[in-house]
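The values are calculated or read from the model by the stated rules, or taken from the named source; none is laboratory data. Small disclaimer: the values here were computed from a predicted structure and weren't measured. In this analysis, Cβ positions are derived from the backbone assuming ideal geometry, glycine residues included, and neighbour counts consider all displayed protein chains.
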Amino acid sequence: MRRLSWLLVLLVAACATGPKFESVASSLAATPQGKARIFFYRATSLGAAIQPDIRLNGKVVGKAEPHGVFFVDVDPGNMEVVSGSEVEKKLTFQVAPADRRYVRMAVGFGVVVWRVIPELVDEAEAKQEMAGLAYTGAAAK
């Protein structure tokens with residue numbers, strides 16, 4: 001029983017903190033003119049101890065925090081999302097001005113540890129999954 005208690009404490013501590021995304025979504029700044037917005041989220045606590053960096057076109061833009069969501073505004077063009085733990089997983093896609101893309105950081109079991117795998121998700125599914133997650137990005141305006 002004591003082990004189970006410690007496991008629960010570890011899982012809760014490993015999850016993202018912040019206001020619920022659904023409570024701040026309407027107060028987020030609009031996407032700047034000529035830019036696209038990419039949302040990154042991780043909807044489960046599976047493999048909670050594994051929180052690799054998320055890199056977009058070679059630049060770290062955040063972490064794959066369990067139950068967390070954030071976004072970045074980008075110039076249009078080709079995008080490459082990379083997430084790595086034991087093996088790097090890549091996702092490539094294009095964005096045009098005013099586009100919104102949703103990248104779910106899915107979790108699967110690797111050879112030694114959990115893997116975090118970026119997946120492009122349609123808007124309706126993403127919004128449903130993101131609603132109860134913690135917003136971990138910049139403060140809402």
Over the stretch 49-58, the set of residues hydrophobic (A, V, I, L, M, F, W, C), crowded, with 16+ Cβ neighbours inside 10 Å and either more than 14 Å from ILE117 (Cα to Cα) or in contact with a Ser or Thr (Cβ under 7 Å, 6 or more places away or on another chain) (or both) is ILE50, ILE54
The residue from ILE50, ILE38 that alone is within 22 Å of GLN128 (Cα to Cα) and of a type in the set (A, V, I, L, M, F, W, C) is ILE38
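Being at pLDDT below 95, over 23 Å from GLU22 (Cβ atoms) and in contact with a Gly (Cβ under 8 Å, 6 or more places away or on another chain) is the requirement here; does VAL87 meet it? Don't jump to the end; show me each part of the working.
On the way: at pLDDT below 95: yes; over 23 Å from GLU22 (Cβ atoms): yes; in contact with a Gly (Cβ under 8 Å, 6 or more places away or on another chain): yes.
For VAL87, the condition - at pLDDT below 95, over 23 Å from GLU22 (Cβ atoms) and in contact with a Gly (Cβ under 8 Å, 6 or more places away or on another chain) - is met.
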(1) closer than 22 Å to LEU120 by Cα; (2) modelled with pLDDT under 95; (3) outside any loop (DSSP other than H, G, I, E, B) all hold for SER5 apart from (1)
Across the stretch 15-47, the tally of residues that are modelled with pLDDT under 90, more than 17 Å from GLU119 (Cβ to Cβ) and surrounded by 20 or more Cβ atoms within 10 Å (Cβ to Cβ) stands at 2
